[in-house]
Amino acid sequence: MSQPGVPPVQFRVIDLIRKKRDGLALTAAEIGYLVAGCTDGSIPDYQMAAWLMAVVLRGMTREETAALTHAMLNSGEVLDLSLLPARKVDKHSTGGVGDKTSLVLAPLVAAGGLFVPMISGRGLGHTGGTLDKLESIPGFRVGLPVPEFERVLSVCGCCMIGQTEKIAPADRRLYALRDVTGTVESPYLICASIMSKKLAEGTDALVLDVKTGSGAFMKKEEDAVFLAELMVETGERMGKQMVALITDMNQPLGHMVGNALEVQECIEVLHGSGPEDLRELCLDLAAWMFFLGGASKTVSQGKQRAEEIIASGKAFERFRQMVELQGGDIRVIDDPARLPSTGHTVDVPSPQAGYVTGILCEQVGTACVILGGGRERKEDSVDPAVGIVVHKKIGGKVAAGEPLCTIHCHSDAQATRAKTLLQDSYQIAAAPPAHKKSIIHRAIYKGEH
């Protein structure tokens, strides 16, 4: 902000686009000008889109990334949750296919005595969004005003909302632009987007789940590590306890892909069942949240604590309470068969017998978007009922004609494009893979654990 009586610095946006296009670093003032213009609408979308593309192609320095994060954070309100009687811890994922851990972690960690203020996003590119999943629960309100967000948080220890007009409004506008302009993958933009939201929440600590593999934005592990280190450094600069886990996204997480289907799978995990890969990742992330929040002395103790809370039923009860407080129909939590469904399915048969040796995971996410489970354009609505059930994963044996997955759709015609994508995404060979892909779970943390 400019000082009273001093005219604000003015820049020509075209000059800032050219500067970044030519690989030069922008100053904090220049970045602040872009963020302010994006927030108030004085800079048109087409110019911001051009600048975003220049960032994707040319990158940013650590100083530029910190300046962008700071400007986006301060484009709106930063919450003060210091009056809450325990530490505030959150988790954020960089996005994947079938990645639904937030719905398990928020109530699980809250049931363990910490506060989880979670500001989440919608689907981005081929990845699903936490808000879209929550809105598949009839009546669930993700647009709570800040006072109500704080009230729900104080009552049940967790609350999951989207960005309000007052919280990181610059990120809300940039997030929507990135989704439809092919500018999602930049680690600098991902870092600034995530950290501006998370720092605005008033959290004490943050656990990051940085995905790598065919279904992640960071396809190569070294790129995921770079992003993880960038976010950890940015958070620590701002006084937060940080850890990042590098986890596998070479195949969908769990078996369900699609909003209502993923809620159903989360309820299974909260009841102590569900797919092993999803359950284990939730436990590992919860372990770090408990550790950073001071609810356990070690990460291993945190994992044991998470297992005990799920087994006791307290995590499910906390989820049920949060849904009720946010206006959701708790009948669908008690009976997931009440969740939105299409009533029509189409199987995707295997063209041959053998073993699944690989899955082009991004194509699975894209198939769900094509069905209507995500957005191909910014203005698109999301169908909560459509999705994909993945029956065969890497290492699985399959017979010719046996379903690899099942499409939940409204008609055979709707499934045509998605079915082709899914068939092409599977790699099947006569022999099983030498090494079955698994969760990497590599932690980037500077302290002792």
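Could you please rank Asp209, Asp383, placing first whichever residue has the fewest other Cβ atoms within 10 Å of its Cβ?
On the way: Asp209 25, Asp383 22.
By the 10 Å Cβ count, ascending: Asp383, Asp209.
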Taking the Cα centre of each part, how many Å lie between segment 67-139 and segment 235-289? 13 Å
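Placing unit charges on C-beta atoms (Lys and Arg positive, Asp and Glu negative, everything else neutral), compute the dipole magnitude of segment 345-429 about its Cα centre in debye, rounded to 20.
Details: 8 positive and 9 negative charges, 42 e Å.
About 200 debye.
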Computed on Cα atoms only, the convex hull of segment 345-429 has an orientation-averaged projected area in nm² of 5.1 nm²
With unit charges on the beta carbon (Lys/Arg positive, Asp/Glu negative), name the residue among Val89, Gln414, Met256 whose Cα is farthest towards the positive pole of the charge dipole of the chain. Val89
Percentage, to the nearest whole number, of Cα pairs in segment 165-227 over 13 Å apart: 66 percent
Tell me, what is a quarter of the convex hull surface for the C-alpha atoms of the chain, in nm² with one decimal? 21.4 nm²
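Counting only helical runs of four or more DSSP H residues, what would the 222 nm mean residue ellipticity of the chain come to if each run contributes -39,500 (n - 2.57) and the total is spread over all its residues?
Values: 17 runs with 196 residues, N = 449.
Result for the chain, helices only: -13500 deg cm²/dmol.
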Debye log10 I(q)/I(0) at q = 0.15, 0.16, 0.20 Å⁻¹ for segment 28-139, Cα point scatterers: -0.94, -1.03, -1.21
For the chain, with +1 on Lys and Arg beta carbons and -1 on Asp and Glu, the positive-most of Cys405, Gly32, Val382 along the dipole: Gly32
Order of Leu144, Leu153 from fewest to most other C-beta atoms within 10 Å? Leu144, Leu153
Given segment 89-336, what count of lysine pairs have C-alpha atoms under 14 Å apart, with each pair 8 or more places apart or on different chains? 13
Using every pair of alpha-carbon atoms in segment 13-59, split the distances into 5 Å bins beginning at 0 and state the percent of pairs per bin, rounded to integers. 5, 25, 35, 26, 9, 1
Taking the Cα centre as origin and putting +1 on Lys and Arg beta-carbons and -1 on Asp and Glu beta-carbons, what dipole magnitude results for the chain, to the nearest 20 debye? 440 debye
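Among 277-283, 334-340, how do they line up by average Cβ neighbours within 10 Å per residue, starting with the highest?
Values: 277-283: 21.6, 334-340: 14.0.
Going by the mean number of other Cβ atoms within 10 Å, highest first, we get 277-283, 334-340.
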Normalising by the residue count of the chain, find the relative contact order in percent from Cα pairs under 8 Å and 6+ residues apart. 18 percent
Treat the count of other C-beta atoms within 10 Å as a stand-in for reagent exposure and order Thr130, Thr203, Thr183 from fewest to most. Thr183, Thr203, Thr130
Lys and Arg at +1, Asp and Glu at -1: neighbours of Met53 with Cβ under 15 Å from its Cβ sum to +2
Could you work out Rg/(2.2 N^0.38 Å) for segment 40-81, with Rg from alpha carbons only? 1.41
Any chance you could get the radius of gyration and Dmax over the Cα atoms of segment 89-336, in Å? 16.4, 46
So how do 264-275, 80-91 stack up, highest first, on mean other-Cβ count within 10 Å? 264-275, 80-91
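Read the figures in this text as sums done on the coordinates, not as results from a lab. Fair warning: this is a prediction, and the values are worked out from it, not measured in the lab. Positions of Cβ are generated from backbone atoms using ideal geometry, with glycine treated the same way; all protein chains shown enter the neighbour counts.
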